[in-house]
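Beneath this line is the structure, given in structure tokens, with notes to follow.
The values are calculated or read from the model by the stated rules, or taken from the named source; none is laboratory data. None of the values given here were measured: they were computed from a predicted structure. So basically every Cβ, Gly included, is an ideal-geometry build from the backbone, and we count neighbours across all protein chains shown.
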Amino acid sequence: MIRIFPSISVVSILLAFNSFAAEINLTAADGFSLKSDYYQAKNTTTNSNNRAVLMLHQCNYNRTMYDDIGEQLAQRGIHAVSLDFRGFGESTSDEFNVTTLSKLPQEKQGQAWSKMSSHWPSDVKTAYNFLHQKVGKESTIGIIGASCGGSQAITLAEKENISAISFFSSAQRDENITRYEKVLGEKPTLIIAAEDDGRTFTSAQQLFKTAKNPSSKMLSYKGSMHGYPLLDSDKQLTKTIVAWFDNNLVNN
């Protein structure tokens, strides 16, 4: 897949016809630069150009885990953004970088991680605002959070009008399950987890028990694969995720 940088050059314009993803820089509330991929919806009319999905990666990967999902969403007329969390992928700085963080003495790692991740809710809101601007006031926006991204999905969905939510290999604390049940249980929810993936699977079962929407669905896999490897193992999973959002991004 060719990645293109937003510019007005003739080369970029030509590439835009052959690529779904454009690299964009989103500016966080504190001025931090957040690298993201924007997949502009294809084959839409004015009346159908109002659907979008925000994609949040797992914490041992980066935004590129959603390349195929983003492209297939765009093909179905759904805008999508895949965000590099602050400290991951290309959203790094001298202060926020998960690679250098992991080299710190053990007693300092937790403090550094807490400081870095404390910015994520605001950063995710920045990406949501970008999508909301693209699709307009009558928008229907979904969100998928892999692993650590799942808790960020809950935090955003509690405050914004999220129409559908997916948890992808995302272990949740009891507190988060209670938050989901209280505020989000009526939303269409897609839950994906492997049976031997420890707390990820048991919390997925707990989440699914609290899901009340008839379109909510849980996909379970044998083994212990976590997040992105499931997409490689099951070549149909990407299509399943995309089709589920396509069916469930409807006006509330």
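Considering each of ILE141, ILE162 in turn, give the residue that is surrounded by 16 or more Cβ atoms within 10 Å (Cβ to Cβ), within 20 Å of MET218 (Cβ to Cβ) and in contact with a strand residue (DSSP E or B) (Cβ under 8 Å, 6 or more places away or on another chain).
ILE162
Would you point out the residue of region 94-121, among those that are of a type in the set (Ser, Thr, Tyr) and within 17 Å of ARG63 (Cα to Cα), that is surrounded by the fewest Cβ atoms within 10 Å (Cβ to Cβ)? I'd like the intermediate steps shown before the answer.
Here is the first cut: in region 94-121, the residues of a type in the set (Ser, Thr, Tyr) are 99-100, 102, 114, 117-118.
From what is left, the residues that are within 17 Å of ARG63 (Cα to Cα) are 99, 117.
On the way: THR99: 9, SER117: 18.
Only one residue fits best here, namely THR99.
Residue under question is GLU90, and the condition is that it be at pLDDT 95 or above, among the acidic types (Asp, Glu), over 21 Å from THR140 (Cα atoms) and part of a loop (DSSP other than H, G, I, E, B); does it hold?
Taking the combined requirement at face value, the residue satisfies it.
Restrict the check to region 232-241 and report whether at least one residue is of a type in the set (Gly, Ala, Ser), out of contact with any Gly (no Cβ under 7 Å at 6 or more places or on another chain) and under 16 Å from VAL53 (Cβ atoms).
no
Could you please give the count of residues in region 1-44 that are at pLDDT 60 or above, out of contact with any Phe, Trp or Tyr (no Cβ under 6 Å at 6 or more places or on another chain) and among the β-branched types (Val, Ile, Thr)?
Matching residues across region 1-44 total 2.
Inspect all residues belonging to region 214-230 and state whether any of them is buried (at least 20 other Cβ atoms within 10 Å of the Cβ) and of a type in the set (Gly, Ala, Ser).
Among the residues of region 214-230, at least one is buried (at least 20 other Cβ atoms within 10 Å of the Cβ) and of a type in the set (Gly, Ala, Ser), which makes the answer yes.
Give me the pairs, please: first residue somewhere in region 171-191 and touching a residue at least 40 places away in the same chain (Cβ under 8 Å), second residue anywhere and aliphatic (A, V, I, L, M) and in a helix (DSSP H, G or I), beta-carbon distance under 9 Å, and either six or more positions apart or on two chains.
Every condition considered, the pairs that remain are LEU190/ILE241.
Test VAL124 against the stated conditions and say whether it is part of a strand (DSSP E or B), touching a Leu at 6+ places or on another chain (Cβ under 8 Å) and among the β-branched types (Val, Ile, Thr).
Numbers: part of a strand (DSSP E or B): no; touching a Leu at 6+ places or on another chain (Cβ under 8 Å): yes; among the β-branched types (Val, Ile, Thr): yes.
The answer is no for VAL124.
Filter region 171-196 down to the residues that are under 20 Å from the mean Cα position of the chain (by Cα) and closer than 16 Å to TYR221 by Cβ, then identify the one that is surrounded by the most Cβ atoms within 10 Å (Cβ to Cβ).
Among them, the one singled out is ALA193.
Within the bounds of region 105-119, is there any residue that is without any contact (Cβ under 8 Å) to a residue 24 or more places away in the chain, touching a Phe, Trp or Tyr at 6+ places or on another chain (Cβ under 9 Å) and more than 22 Å from THR64 (Cβ to Cβ)?
The answer is yes, given that some residue of region 105-119 is without any contact (Cβ under 8 Å) to a residue 24 or more places away in the chain, touching a Phe, Trp or Tyr at 6+ places or on another chain (Cβ under 9 Å) and more than 22 Å from THR64 (Cβ to Cβ).
For residues in region 135-145 being outside any loop (DSSP other than H, G, I, E, B) and over 18 Å from SER122 (Cα atoms), which is modelled with the highest pLDDT?
Ranking the qualifying residues of region 135-145, first place goes to THR140.
Among the residues in region 200-212, are any within 22 Å of THR64 (Cβ to Cβ), surrounded by 15 or more Cβ atoms within 10 Å (Cβ to Cβ) and touching a Phe, Trp or Tyr at 6+ places or on another chain (Cβ under 7 Å)?
no
Which one of these does SER170 not meet: (1) closer than 22 Å to THR189 by Cα; (2) part of a loop (DSSP other than H, G, I, E, B); (3) in contact with a His (Cβ under 9 Å, 6 or more places away or on another chain)?
The single condition SER170 does not satisfy is (3).
Residues in region 231-251: is at least one over 30 Å from LYS42 (Cα atoms) and in contact with a helix residue (DSSP H, G or I) (Cβ under 9 Å, 6 or more places away or on another chain)?
Here is the first cut: in region 231-251, the residues over 30 Å from LYS42 (Cα atoms) are none.
No, region 231-251 contains no residue that is over 30 Å from LYS42 (Cα atoms) and in contact with a helix residue (DSSP H, G or I) (Cβ under 9 Å, 6 or more places away or on another chain).
Would you point out the residue of region 80-93, among those that are touching a residue at least 24 places away in the same chain (Cβ under 8 Å) and not small (Gly, Ala, Ser), that is surrounded by the fewest Cβ atoms within 10 Å (Cβ to Cβ)?
Start the filter on region 80-93 by keeping residues that are touching a residue at least 24 places away in the same chain (Cβ under 8 Å), which leaves 80-91, 93.
If we keep only those that are not small (Gly, Ala, Ser) as well, we get 81, 83-86, 88, 90.
Numbers: VAL81: 25, LEU83: 31, ASP84: 24, PHE85: 27, ARG86: 26, PHE88: 23, GLU90: 14.
Per the criteria, the residue is GLU90.
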